[in-house]
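These notes concern the structure reproduced below.
Bear in mind these aren't lab numbers, they're just calculated from the coordinates by the rules spelled out. Because the structure is predicted, anything quoted here is derived from the model rather than measured. Quick reminder, even Gly has a Cβ in these numbers, built from the backbone with ideal geometry, and neighbours come from all protein chains shown.
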Amino acid sequence: MKTLTVKIKYFFLLCLVTVGIASVVWNCTSASAETAAIPDEIDYNFHIRPILSDRCFKCHGPDANTREANLRLDTPEGAFAALKDNPKAHAIVAGNPDMSAVFLRITSKDSTQLMPPVESNLKLTQHEIDLIEKWIKQGAKYKAHWAFIEPKKTNVPKADEDWVVNEIDNFVYDKMREKGLKPNEEAEKEQLLKRVSLDLTGLPPTVEMQERFLKDTSPDAYEKIVDELLKNKHYGEKMATYWLDVARYADSHGYQDDGLRTMWPWRDWVIHAYNENYPYSKFLSWQLAGDLLPNPDGSGKPSKEMLLATGFNRNHKITQEGGVIDEEYRVEYVTDRTNTFGKSFLSLTFECAKCHDHKYDPISQKDYYSTFAFFNQVPEKGLFGTIDASYADPPNMAITDADVKSLLKFINKKDTAKVMVMVMKDTTKVRTTYVLNRGNYDAHGDSVTFGLPKSILSYDTTRYGRGRLGLVKWLLDAKNPLTSRVYVNRIWAQFFGRGIVKTLGDFGMQGELPSHPQLLDWLAVDFREKGWNIRRLVKQIVMSATYRQSSTITDKHLKTDPDNIFLARASRIRLLAENVRDYVLSSSGIMNDEIGGPSIKPYQPKGLWEVATSGRGSLSRYVQDHESDLYRRGMYVFIKRTVPPPTMLIFDASNRDQCEVQRVRTNTPLQALVMMNDPQMIEGSRVLAENLTLEKGSIDEKLEKAFRMVLCRKPKEKEMEVIRQYFAHESGLLKKDPKRAEKLLNIGEYKHEPIKDKASAAALMQTIQLLYNMEEAIMRV
Amino acid sequence: MENEFFKNRLNITRRHFLSKSAVGLGSMALGSLLMPNLFTGEEENLAQLPLGLPHFAPKAKRIIYLFQNGAPSQLETFDYKPLLNKMAGEDLPESIRGTQRLTGMTANQTKFPLIGSYFGFKQYGQSGAWVSDMLPNMAKIVDELCIIKTMNTEAINHDPALTFIQTGAQVGNRPSMGAWMSYGLGSENKNLPAFCVLLSRGRGNGQGVYSKLWTNGFLDSTHQGVVFSSGEDPILYLKDSDGIDKDSRRRMLDKLAELNHLGFETSGDPEVQAKVQQYEMAYRMQTAVPELTDLSKEPDHIVKMYGPECLVPGTYAANVLLARKLSESGVRFVQLYHQGWDQHGNLPNEMPLQAEDVDRSSAALIMDLKQRGLLDETLVIWGGEFGRTNYCQGTFTKDNYGRDHHPRAYTIWMAGGGVKPGIVYGETDEFGYNVIKDPVHINDFHATVMHLMGLNHEQLTYKHLGRRYRLTDVAGKLVPGIIA
């Protein structure tokens, strides 16, 4: 083993010497302080399982069908048992690495003996080998996977009382101190206001709000703003945006010809639910089982609103391709619901257990189909009809004017025709569910009944009952280790740009470990104990000192915590695709702030739908909307799944093909092109320029006002200088070229103001566009 | 000022540094040193960037995929089956059909009357490959082609079949082939995306295309296929609006860099620098792309080769010519889709129109690349998502018939980039229904194409939600018989 270490070290030394650049790369990749030193005490969950799971469990884990040498390393019984082909030996001998086959094999010099096998393309680093060695020395203690143990509140750690606002800060401070970091100063007021306004409503603060907040020197000035924003009707929209990804909401069916569907009343309900601050327990149960729950009014039958909420489980894609096999697609829909359930509420990759037992997590194929059984009871067809046969395949509900006047006031229905929405229903006779061999729809294996993986929490039918109602009870059981943690973590990520568990969609063995496990557990328990109160949780987060820090990045931050895992500063986060659009429309004053209703079709480059269509169906041509519909928020932009709105995809929005809980954030030249050239982005600058031109005041005052509207802060003198110069230069050129000024102003359908000095207006418009393209503009800073 | 800004490398992040070095150095030896590190613990962050280097010496550097969307019939193009003409009208023997599941369109037919090609076939070239009379230009270049007659898939409907051949899975939001190539190999041209998509539509019965076919899936969206359109804006939002010219855009960008620099002084965020660079690349694209997509300056002999249609923007011929130009400029993967090959009925009338659209320019591409000395390093692929049945769908008449979807055997061809020229690979039975020798499954096709590009299909993985994904998922075998 020693020789091996030496060899590896020599190998890297060689790299460092021969190729300078490689040394930098190597240092960079290994410098992540987390892994540098071997800790005194090795913890199975934090240090060992991630290695074993990633490199060993595929062949020596939960899936019995592909288990090699009959050896499993994911349980202590398996690891300590006598080896099948050599009963005198053991995979792991607690306290004795040199007697442990595992250790001998991972350090073997013989490539036929080495584990993981060469052909697997998997390797262990020396650091990982050292960890395993020490763990075995210390007794090879196994622990249950952290996420499957019921969360408990631990004592809140001590912290700098001058800094702390609430418990979040105690936990965060404690970790920071461990890493030798100190919190940043509190953010300046303007930065804080922009941040909290964007985070809570997806919209920038107006100049009026900026003024008000700057002037308010009372100690609770910030809390007043927070409360104001939490009550703002746009709060529900911002919160719903994330949920629409989870629910894979779209305005078309999604396969092939991709016909229209009318699920938007369900989307209006989500906004409503957040604005009314429905507890997460109610939010979740109505969506999963609203059709089965008793009406709170005592009438027995579920209310129309409860039924509407179940649209969640019908947002999956539906085929309209002639000639498909009905059962193949019906099974596909049930599969989608099952996978969505696993990812949405449990952050587990259920889909991995569809064809075989899960390779990493304790979810057997039988577990998968037992869960599948809950969603397999819908009286539905795989193929209901070809293109435009239906905007809402049965089971469905009709929403009439009368409903909107009485029960469903939150639905923004634009005409008198009834709207059909797909909802959930169970067949009267339970449909038998089978394990599907290799996941094939027609390969029935054993029959199964309702159930869930017992590793999470055993599903006892006498306790929970059968069907989706039981599923809800199981999710909300105080003993369920995942429901609360998963949701709290997702909300946390909305405000910090990263979850306490970074992998928002995977709390399993292959997911990342929580950066602040005790904080996560404390919040999870607190959230449940306080009645699953979402708005309270959000307020708790945005009131914390942690949230209120400045986002300034220092060299020390870059060196010790470049990814801001330990939160010694606020993160700078590029806005969501939808909010990029909102930002420009709102700050320039042209946004239509209506809530809900049928999705709208804004400007879009010509031919995108037409070139991709077969020519069939009502969505084969793109018919742009006009007037106020052009200025609706990003979340209302029509999503045709096969050709999603281009600017949304360019800014990393989901294509709504399936449930997504985490968007990537990229920075590409195509985004720069959108910001510079999409008429929707330019039009706001034009209208704002025209309005400012008509206002009284000096050009400096106008430039400053524009800056405050667009960047949500006052400009610095150096910035003003650049902007002034630019404006002066451009307006000089435009005065000599009035035709060009005319051309510049001729953008968008928004009403023009009668302007005499078009050169100035056009130059101002150019300057405002410059401001919108600043890196800071579409950032939550 | 601007230069100073770019020189400021002290704060550069690991990610930016790596993306620069890994792509910029391009040395194979260094690559093999870097790769092991790229695949260790930190891969989640690192995997975001194009890895930039192949696993071993590639045979091809670039791919042009001429996708024939809707599934052209193999029995009227390359898989000559005279028995079907002899047995026309007779029922497909059950022993041949076996347990094949049928689509909803023919599953209820009581009879499956065989039907032979309406079009004649002849043998061509040294290889003696049979080619339909509908494809006279392709026939002339058969000695450059590697014709594979034994492609097969499980999917029997368009959406899943297309999704499968493009992304390696019938359902799910997996990255498409082009996205994997972009991720694995990066771009050869700083001013162009690594993965470009061109769409056209023929005159036959068509099936739509959808952005899932060129999606980045769970990869970074920089690997998403960029659709080039035939309108005035070849790339979305590329063109400046009216009143903005090159100079005024430059002035704006210079001031923008100044403002961003001031912002950087306050925030200290290295991402600010990255953003400035993205704007500069956008600016370079604004010049580079229109120059490239302008086909009006193509010399006469080129127009003659591709046919006059190549000057009509948005046609297949124009897209093929544009594909050559993009590829020549270093675009890693150019994906075309030509719709209209779904002949469930009226095949004898529709298919010649489709053939007319694609025959001349597809053949011209091969010759053009060859003349430029680029064929060796460019892999060209021609074909659809599955084949068509040897029996008639709907009413049977000898001169008007249709064919349903057939997954068990169909024909595609490849040329250039490391495949054997002038061969016909694999055999189907006399009925053209089953593979009897050398099957090539979609997964095998993917494995082989990746191999030609210097990538090991089992090694190019991306870890997403706990699992390492590959284009070939859990299957795929190389097809050595077609590799030169």
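Applying a DSSP loop filter and a limit of 10 other Cβ atoms within 10 Å to the trypsin sites (Lys or Arg not before Pro) in region A:427-506 leaves A:LYS429, A:LYS479.
Among A:LYS215/A:LYS705; A:LYS343/A:LYS429; A:LYS58/A:LYS317; A:LYS123/A:LYS179, which pairs are too far apart, with a Cα-Cα distance over 22 Å?
The answer is A:LYS343/A:LYS429; A:LYS58/A:LYS317; A:LYS123/A:LYS179.
The spacing between region B:266-337 and region A:58-84, judged by their C-alpha centroids, is 53 Å.
Taking Lys and Arg as +1 and Asp and Glu as -1, the other residues whose beta-carbon sits under 11 Å from that of A:ARG261 total 0. Here's how it looks for B:VAL419: its modeled amide H is under 5 Å from those of B:ALA484, which are all 5 or more places away or on a different chain.
Which longest run of chain B has no exposed loop site in it, a site being trypsin sites (Lys or Arg not before Pro) in a DSSP loop with at most 15 other beta carbons within 10 Å, and the site itself not part of the run? Result, exposed sites excluded: B:204-296. Expressed to the nearest 5 percent, the antiparallel share of DSSP beta bridges inside chain B is 50 percent.
Mind checking the angle between helix B:246-267 and chain B's longest principal axis? C-alpha axes, 0 to 90 degrees, to the nearest 10. Tilt relative to chain B: about 60 degrees.
Compute the long axis of helix A:2-18 from its Cα atoms, compare it with the longest principal axis of the Cα atoms of chain A, and write down the angle in degrees, 0 to 90, nearest 10. The angle comes out at about 30 degrees. Averaging Cα coordinates gives a centre for region A:211-290 and one for region A:554-577; these two points are 27 Å apart. Legend: mean number of C-beta atoms from other chains within 10 angstrom of residue C-beta atoms, peptide A:49-55, equals 1.
Shielding value for A:658-669 is 5, the average number of Cβ atoms from other chains within 10 Å of each residue's Cβ. Highest-first packing order for the peptide set A:391-398, B:220-227 is B:220-227, A:391-398, based on the mean count of other beta carbon atoms within 10 Å. Of all aspartates and glutamates in the structure, those lying under 18 Å Cα to Cα from A:LYS479, and not within fewer than 8 positions of it along the same chain, are A:GLU150, A:ASP460, A:ASP521, A:ASP526, A:GLU529. Computed over neighbours whose Cβ is under 10 Å from that of B:MET453, the net charge equals +4, Lys and Arg +1, Asp and Glu -1. For region A:48-131, GluC sites (Glu not before Pro) are listed when DSSP marks them as loop and at most 15 other Cβ atoms sit within 10 Å of their Cβ; the list is A:GLU68.
Given the protein assembly as shown, report the % of alpha carbon pairs whose separation exceeds 61 Å. Looking at the protein assembly as shown, the distances longer than 61 Å represent 11 percent of pairs. Entry note, chain A: relative contact order of 15 percent, from Cα contacts under 8 Å with a spacing of 6+ residues.
Longer than 25 Å from Cα to Cα, which of A:LYS134/A:LYS454; A:LYS696/B:LYS239; A:LYS304/B:LYS212; A:LYS238/A:LYS409 are they? Say none if no pair is. Those over the limit are A:LYS134/A:LYS454; A:LYS696/B:LYS239; A:LYS304/B:LYS212. Our note on the geometry: Cα centres of region A:448-479 and region B:92-155, 53 Å apart. Once you order the gyration tensor axes a ≥ b ≥ c over the Cα atoms, which shape class does chain B get: rounded for a/c under 1.5, otherwise prolate or oblate by comparing a/b with b/c? It comes out prolate by the Cα gyration axes. Once you sort the root eigenvalues of the Cα gyration tensor of region B:65-160 as a ≥ b ≥ c, which label holds: rounded (a/c under 1.5), prolate (a/b larger than b/c) or oblate (the other case)? Judged from the Cα gyration tensor, region B:65-160 comes out oblate (a/c at least 1.5, b/c at or above a/b). Take each peptide in A:576-583, A:90-97, count the other Cβ atoms within 10 Å of every residue, and average; sorted highest first, the result is A:576-583, A:90-97.
Derived scalar couplings between HN and Hα for region A:189-203 equal 4, 5, 5, 4, 5, 4, 4, 6, 5, 5, 5, 8, 10, x, 10 Hz in order, rounded to whole Hz, by the Karplus curve 6.51 cos²θ - 1.76 cosθ + 1.60 (θ = phi - 60°), x for Gly and Pro. Local charge sum around A:THR483 (other residues, Cβ-Cβ under 12 Å, Lys/Arg +1, Asp/Glu -1)? Surrounding charge for A:THR483 is +3.
Within 10 Å of each Cβ in peptide B:164-176, how many partner chain Cβ atoms are there on average? Round it to a whole number, please.
Working: counts 0, 0, 0, 0, 0, 0, 2, 7, 5, 8, 1, 0, 0.
Mean partner-chain Cβ count within 10 Å for B:164-176: 2.
Each Lys and Arg Cβ is given +1 and each Asp and Glu Cβ -1; about its Cα centre, region A:32-141 then shows a dipole of about 300 debye. The lysines whose alpha-carbon is closer than 27 Å to the alpha-carbon of A:LYS182, local same-chain residues fewer than 8 away aside, are A:LYS153, A:LYS158, A:LYS194, A:LYS502, A:LYS539, A:LYS556, A:LYS559. The count of lysine pairs in region B:328-484 that are at least 8 places apart or cross chains, and whose C-alpha atoms lie under 21 Å apart, stands at 4. For B:GLN393, the residues whose modelled amide H falls within less than 5 Å of its own, excluding neighbours fewer than 5 places apart on the same chain, are B:GLY402, B:ARG403, B:ASP404.
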